[in-house]
Amino acid sequence: MKRLSTREEEIMGYFWEKGPLYVKQIVEFYEPQHLHFNTVSTFVRGLEAQGFLDHHVHGVTYQYYPIVSREEYGKNTLKTAVSKFFNNSYLNVVSSLVEEEDISLDELKELIRQVEQGNE
């Protein structure tokens, strides 16, 4: 699965939060920034070509909807980062979080407790 650009992730976020949308609706979400309809349409069609969206035809317009969930995309993105930056080791990820103090020892113990309870 391809990694999305910041703008593509932002647009996908609207679909994941709101469900099926028309390009016009997405343009309205950007109202203060005044993104042009054609610009948004290009992003949406690109997301469809990459397999993230599909559409239903309603007269002369398309209503797009996500076919990749936020969870699926997140898991794939995490796997890619772990592979690319942590030698494919989740242990290295956790070690890095502890070393950088992004996760406390108490939080790590709580995580271990949750995992142990989930395996019972």
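The values are calculated or read from the model by the stated rules, or taken from the named source; none is laboratory data. This one's a predicted model, so the numbers in the text were calculated from it and none came from an experiment. Note: ideal-geometry Cβ built from the backbone for every residue, glycine included; neighbour counts use all protein chains shown.
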I need the full set of residues from region 80-120 which are more than 14 Å from MET1 (Cα to Cα) and among the aliphatic types (A, V, I, L, M), in order please. VAL82, LEU91, VAL93, VAL94, LEU97, VAL98, ILE103, LEU105, LEU108, LEU111, ILE112, VAL115
Please specify each residue of region 29-79 satisfying the condition of being of a type in the set (A, V, I, L, M, F, W, C), closer than 14 Å to LYS2 by Cα and modelled with pLDDT under 95. LEU78
Out of the residues in region 26-41 that are of a type in the set (S, T, N, Q) and out of contact with any helix residue (DSSP H, G or I) (no Cβ under 6 Å at 6 or more places or on another chain), state the one that is surrounded by the fewest Cβ atoms within 10 Å (Cβ to Cβ). GLN33
